[in-house]
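Quick notes on the structure that follows.
The values are calculated or read from the model by the stated rules, or taken from the named source; none is laboratory data. From a predicted model like this one, the values you see are computed outputs, not experimental measurements. FYI the Cβ positions are ideal-geometry reconstructions off the backbone, even for glycines, and counts take in every protein chain you see.
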Amino acid sequence: MTLDVCPGVVMTVACAELSRKSFLAASWGALQASGHREPVLVRTERARATGMWAAWWAVGVSSASTLAECRNLVAQSETIGCHKGKLIIYTRRPGGWIGSEGERIGALIRKWGVPIEVKAIEDA
C-alpha cells in the first residue's frame, strides 16, 4: 500500500512476513509503476506491535517547512525542523543521513529541491 504523506513524500507499508530487503524491493517497484521515478529512501521502520513494515520515500519537490512538519521522516530519537528555507535534521547518527561521501543527503537534496543540514546531537 502507498500513502501520500505530504508533497514530495510517500509512505509504503507491507505485511510483516517480508524481509526488509524484499519489502524495499516491492516498494521500489510499486513506486516506479505508479510514476515516481527514482524514489529516494528516507527511512524504514518495523512496528513492534504489528510487525508491519513502513518506509518513507522522497519522490518529488517539496519545501523545508512542509518537510519539517512531517514528523515521521525521522526516527523517534531525532528531530526535524527548518530555518530560513533549510531543512535541519538533528540526529545521533549523522553518518546515516549523510551517507558515504554525501551521496544519501545529496540524493535527498536533489529530489526535494531544498538545502538540508544534518546536525549531531549528543546523548544527554
Candidate set: region 80-124, residues that are among the aromatic types (Phe, Trp, Tyr) and in contact with a helix residue (DSSP H, G or I) (Cβ under 9 Å, 6 or more places away or on another chain); chosen: the one modelled with the lowest pLDDT: 97
field: Hey, residue 70 in contact with a Ser or Thr (Cβ under 8 Å, 6 or more places away or on another chain), farther than 19 Å from residue 34 by Cβ and of a type outside the set (Lys, Arg) or not
entry: no
message: Let me confirm something: among 48, 37, which residue is of a type in the set (D, E, K, R), out of contact with any His (no Cβ under 7 Å at 6 or more places or on another chain) and closer than 23 Å to residue 112 by Cβ?
response: 37
query: Just to be sure, is residue 98 more than 17 Å from residue 60 (Cβ to Cβ), of a type in the set (A, V, I, L, M) and in contact with a Cys (Cβ under 7 Å, 6 or more places away or on another chain)?
result: no
task: Tally the residues that are charged (D, E, K, R) and more than 13 Å from the chain's Cα centre (by Cα), restricting the search to region 33-64.
output: 4
task: Please work out which one of (1) touching a residue at least 24 places away in the same chain (Cβ under 8 Å); (2) more than 13 Å from the chain's Cα centre (by Cα) is the condition residue 21 fails and give its number.
output: (1)
- prompt: So, of the residues in region 1-24 that are among the small types (Gly, Ala, Ser) and over 25 Å from residue 102 (Cβ atoms), which turns out to be modelled with the highest pLDDT?
  reply: 22
task: Identify, by number, the condition in (1) at pLDDT 95 or above; (2) more than 13 Å from the chain's Cα centre (by Cα) that residue 77 doesn't meet.
output: (1)
- request: Search region 63-88 for residues that are without any contact (Cβ under 8 Å) to a residue 24 or more places away in the chain and pair each with any residue that is assigned to a helix (DSSP H, G or I) when their beta-carbon atoms are under 6 Å apart and the residues are at least 6 apart or on different chains.
  value: 80/68; 80/73; 81/68; 82/64; 82/65; 82/68
